[in-house]
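Step one of this worksheet: look at the structure below.
Read the figures in this text as sums done on the coordinates, not as results from a lab. For clarity, every value in this text was computed on a predicted model and none was experimentally measured. Every residue, glycine as well, gets a Cβ built from its backbone with ideal geometry; the counts of neighbours run over all protein chains shown.
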Amino acid sequence: MTDEASFETARDPQDLERLLIARQWAGDVDGMAALYELDAVLDNGEGQLMLGRSAIRALFSDFKATGEKFAAGKQSPAVISGDLALTSTRLPDGSVTAEVARRQSDGTWLWVIDRYSVT
């Protein structure tokens, strides 16, 4: 990943998933965590909640150590209401993610809630 790509921001809530996968494949844990608000919450799909960007970064760091890579899925169109958006992706294994993003004051989007699997 180039420096330019690692600093790319989500101008649309649909950009977040693409940026997350690209950064994960590049090993950019800090870039992955930067897609979340400072006080975001992530449900890792195993009953644990990661509270805050630091905890989310630690989870991604641990995941990186396994060598596994995220798989791109079929993203559903974002449902947007004002400054909030619901994003969702059906992953190749059939599970579905659900996330809530919030528009920031500069017009970019960050996730505030991320649920890895809702199935």
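Quick look at the numbers
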item: Descending semi-axes in whole angstrom, ellipsoid equivalent of the chain, from the Cα gyration tensor; result: 19, 17, 15
item: Mean shadow area of the range 1-63, taken as a quarter of the surface of its Cα convex hull (nm²); result: 4.2 nm²
item: Hz values of 3J(HN,Hα) by residue in the range 55-62 - Karplus curve (6.51, -1.76, 1.60), Gly and Pro given as x; result: 5, 5, 4, 4, 4, 5, 5, 4
item: Over the chain, relative contact order from alpha-carbon pairs under 8 Å, at least 6 apart, %; result: 26 percent
item: Dipole magnitude of the chain, debye to nearest 20 (Cβ charges: Lys/Arg +1, Asp/Glu -1, about Cα centre); result: 240 debye
item: Under 12 Å, Cβ to Cβ, from Ile21 - net charge with Lys/Arg +1 and Asp/Glu -1; result: 0
item: Dipole of the chain [Lys/Arg +1, Asp/Glu -1 at C-beta], most positive-end residue of Leu49, Phe7, Ser61; result: Leu49
